[in-house]
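Enquirer: Let me begin by handing over the structure; questions about it come next.
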Amino acid sequence: MTERKPRKDAARNRAAALAAADGLFARCQSPEDLTMADIASAAGVGKGTLFRAFGDRAGLLRALYEARLEPIRRAVEEGPPPLGPAGPPHQRVPALLDAIVCFKLDNRRLALALEGTGADSPYRTEHYERWHALLREALERIPGLTDSDFTAHALLAATRADLVEHLAGEKGVPREEIRDQLAGFTTALLGTRAEDGAGAEHRARTGGGADAER
């Protein structure tokens, strides 16, 4: 019994810290100013407890982000189409992007804070690598589409937290309008790149198009 108490205390302190951070980020106007001391005070634990549990501020942000993201992760990994793994790629790619932008709309301050922990680059964060891999794998299944790696980067650029904050927070663009614009951009980009890829494949097979006919 004496060995279990520290583990229970650690789990309780971790849960209290995540709950406190969740509330603070929801109310804070400047998430970059929120410190570990602020979170420890709100959680009723010592700052050292937070560092032992999460390593640093970035670790705490990642843990909070992952906790909020868990329902989407389950839907992506185990759920039905179009978001789940069995979804046709032309439907799954827009569904993945819509899930990302909705999550960032619902968690704007947290997403901004987390994307700022990747050495000032959102492309170095763990969650970015995960979303990019999912999109790249889905894009590779679309016939005629070339360069799925770059296309995944281009599509994810439209869901950056700073862009979402600019549109929703500063410009006041309604949520549904942002979603519709992203869906339209995705459909147009996929259609254009698939057509270009199919054309390139056809020219390669026929020896170069008009020049081959002469």
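Enquirer: Which three semi-axes in whole Å describe the equivalent ellipsoid of the stretch 50-114, each the square root of 5 times a Cα gyration tensor eigenvalue, listed largest first?
Expert: Largest first, the stretch 50-114 gives 28, 13, 7 Å.
Enquirer: If you count, for each residue, the other Cβ atoms within 10 Å and average over each peptide, how do 155-168, 175-188 line up from highest to lowest? Could you put the intermediate results ahead of the total?
Expert: Values: 155-168: 17.9, 175-188: 14.2.
Highest mean packing first, the order is 155-168, 175-188.
Enquirer: Across 10 Å bins from 0, what is the distribution of all Cα-Cα pair distances for the stretch 96-182, in whole percents?
Expert: 17, 48, 29, 6
Enquirer: If you count only protein heavy atoms with a 1.4 Å probe, what accessible area per residue comes out for the stretch 152-195, rounded to a whole Å²? It would help to have the intermediate numbers written out before the result.
Expert: Working: 2270 Å² over 44 residues.
Here the residues of the stretch 152-195 average 52 Å² of exposed surface.
Enquirer: What is the Cα convex hull volume of the stretch 1-96 when expressed per residue in Å³? It would help to have the intermediate numbers written out before the result.
Expert: Values: hull volume 12.7 nm³, N = 96.
Output value, Cα hull per residue: 132 Å³.
Enquirer: Next question. Can you pull out the trypsin sites (Lys or Arg not before Pro) in the stretch 14-96 whose DSSP state is coil and whose Cβ has at most 10 other Cβ atoms within 10 Å? Mind dumping the intermediate values first?
Expert: Values: sites: ARG14, ARG27, LYS47, ARG52, ARG57, ARG62, ARG68, ARG73, ARG74, ARG92; in loops: none.
Those that pass, being in a loop and sparsely packed, number zero.
Enquirer: In debye, nearest 20: dipole of the stretch 78-183 around its Cα centre with unit charges on the Cβ of K, R (+) and D, E (-)? Please list the in-between numbers first.
Expert: Numbers: 12 positive and 17 negative charges, 23 e Å.
Its charge dipole is roughly 100 debye.
The values are calculated or read from the model by the stated rules, or taken from the named source; none is laboratory data. Everything quoted here is computed from the prediction, not taken from an experiment. Here Cβ is always computed from backbone atoms with ideal geometry, including for glycine, and neighbour counts include all displayed protein chains. All accessible areas refer to the heavy atoms of the entire protein, side chains included, with ligands and DNA or RNA removed. Shrake-Rupley method; radii C 1.70, N 1.55, O 1.52, S 1.80 Å.
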